[in-house]
């Protein structure tokens, strides 16, 4: 899988975790190690990313790009690791 070049943190209520995983499964896959792989609609930006157009070693070989294309034509991009850190609500009170 191709990795993203950045990371992010989303703070959600603990009870929303199942809903988040359901959404990811609907729009991609998630493995037992909490690695999410999102399936994006294919467009010129996705193609440029898959070709490595934003990297110093572009992928010109069709096989290198085809590996990330799903049968439905969507592009598979991941792995986005999902980790859970639980904080108490009191930490966010003013």
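The values are calculated or read from the model by the stated rules, or taken from the named source; none is laboratory data. Keep in mind it's a predicted model, so treat the numbers as computed, not measured. Glycine gets a Cβ as well: all are built from the backbone with ideal geometry, and neighbour counts include every protein chain shown.
All but one of (1) modelled with pLDDT of 80 or more; (2) surrounded by 10 or more Cβ atoms within 10 Å (Cβ to Cβ) hold for residue 2; which doesn't?
The failed condition is (1).
Please state which of the following conditions residue 33 fails to meet, knowing it meets all the rest: (1) exposed (fewer than 11 other Cβ atoms within 10 Å of the Cβ); (2) modelled with pLDDT of 80 or more.
Answer for residue 33: the failing condition is (2).
Return the total of residues in the stretch 48-69 being surrounded by 14 or more Cβ atoms within 10 Å (Cβ to Cβ), assigned to a loop (DSSP other than H, G, I, E, B) and modelled with pLDDT of 80 or more.
Within the stretch 48-69, residues that are surrounded by 14 or more Cβ atoms within 10 Å (Cβ to Cβ), assigned to a loop (DSSP other than H, G, I, E, B) and modelled with pLDDT of 80 or more number 2.
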